[in-house]
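Engineer: One structure, pasted below without further comment.
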Amino acid sequence: MIIAVDGPTASGKGTIAKALSAHFGLPHLDTGLLYRAVGWQVFLDGGNPDDGGDALAATTFPDGLLLDPELRSEASGGLASRVSVHASVRQALYERQRSFATQAGGAVLDGRDIGTVIAPDADVKLFVTASVEARALRRWKEMQARGEPVTLAGIEDDLRRRDERDRTRAEAPLRAAEDAIVLDTSDLDRDAAVASAIALVETRLRAGGN
Ligand code: DC
């Protein structure tokens, strides 16, 4: 069984994907982390994330980089959004994601294009969203806890810019698949969002005869 979870930054999709993975006993892949690793590798190489060649070269990042806490920073999120516009980068990361999705027993993947590109054949697709204000506030609290010197207004601006880039890029733009269930978490806390997601997936699986 494949569960696809897509949505914009700080919508709660990562938390929901992890909870679904634990609930259904399926392995989980945070695909944003792959793009963050590419973005961070470009930075380490002294390259330009907007240059397709530099970004493609960085897709051969060492696996150990995926464990670097720096990948969770706002800076690497911004770099990830920039390298992810290149078709060559998306193609280079495709096989890794596709084979994870199609492994025996199934998987949960979260990202931007799981339901549309990586696993259009997923059994259940969730599109998790929330208002930009709610997402900015969540991200700001996270960054405060990490001790990152960021302002709420700065985070909100950055989210708007990133959303715009993710939604309007030519390659695999962020959008809900036609058969995705949309879950708006603006007014839900973490536990309520997770409980809704589990209920929605279970209902969809019953309807699909799984
Ligand atoms: O989910 P995240 O914030 O870790 O993602 C960082 C960036 O990576 C996001 O702005 C766009 C890109 N991304 C993508 O293009 N496709 C994915 N499946 C996952 C992330």
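Quick note: the coordinates plus some simple rules give every number you see, no bench work behind them. All values derive from a computational prediction rather than experimental measurement. All Cβ positions, glycine included, derive from the backbone under ideal geometry; neighbour counts span all protein chains shown.
Engineer: Quote the FRET efficiency, to the nearest 0.05, computed for L44 versus S88 with a Förster distance R0 of 22 Å and r equal to the Cβ-Cβ distance.
Structural biologist: That pair, L44 with S88, gives E of 0.70.
Engineer: Okay, next question. For the chain, the longest stretch holding no GluC sites (Glu not before Pro) located in a DSSP loop with at most 15 other Cβ atoms within 10 Å is which?
Structural biologist: Value returned for the longest uninterrupted segment is 1-170.
Engineer: FRET efficiency for A153 and A104, Cβ-Cβ distance as r, R0 = 45 Å, nearest 0.05?
Structural biologist: It comes to 0.40.
Engineer: Determine the shape class of the chain: with a ≥ b ≥ c the square roots of the Cα gyration tensor eigenvalues, call it rounded for a/c under 1.5, and otherwise prolate if a/b is greater than b/c, oblate otherwise.
Structural biologist: Taking the square roots of the gyration eigenvalues as a ≥ b ≥ c, the chain is oblate.
Engineer: Would you calculate a helix-derived [θ] at 222 nm for the chain, using -39,500 (n - 2.57) for each DSSP H run of n ≥ 4 and dividing by the full residue count, to the nearest 500?
Structural biologist: After summing the helix terms and dividing by residue count, I get -16500 deg cm²/dmol.
Engineer: Using only the alpha-carbon atoms of region 76-191, report the extent along each of the three principal axes, biggest first, to the nearest angstrom.
Structural biologist: Extents along the principal axes, in whole Å: 42, 34, 25.
Engineer: What residues have an amide H closer than 5 Å to that of G111, excluding those fewer than 5 places away on the same chain, when H is modeled at 1.01 Å from N in the peptide plane?
Structural biologist: Here V5, D6, G7 satisfy the definition.
Engineer: Give, rounded to the nearest 20 debye, the magnitude of the charge dipole that the chain has about its Cα centre when Lys and Arg contribute +1 at Cβ and Asp and Glu contribute -1 at Cβ.
Structural biologist: 240 debye
Engineer: Treating only the Cβ of Lys, Arg, Asp and Glu as charged (+1, +1, -1, -1), what charge dipole size does region 16-129 show about its Cα centre? Round to the nearest 20 debye.
Structural biologist: Around 300 debye, computed over region 16-129.
Engineer: Say R0 is 35 Å: what FRET efficiency, to the nearest 0.05, do E70 and A207 get from their beta-carbon distance?
Structural biologist: Approximately 0.25, to the nearest 0.05.
Engineer: Taking the Cα centre as origin and putting +1 on Lys and Arg beta-carbons and -1 on Asp and Glu beta-carbons, what dipole magnitude results for region 123-210, to the nearest 20 debye?
Structural biologist: Result for region 123-210 is approximately 160 debye, rounded to the nearest 20.
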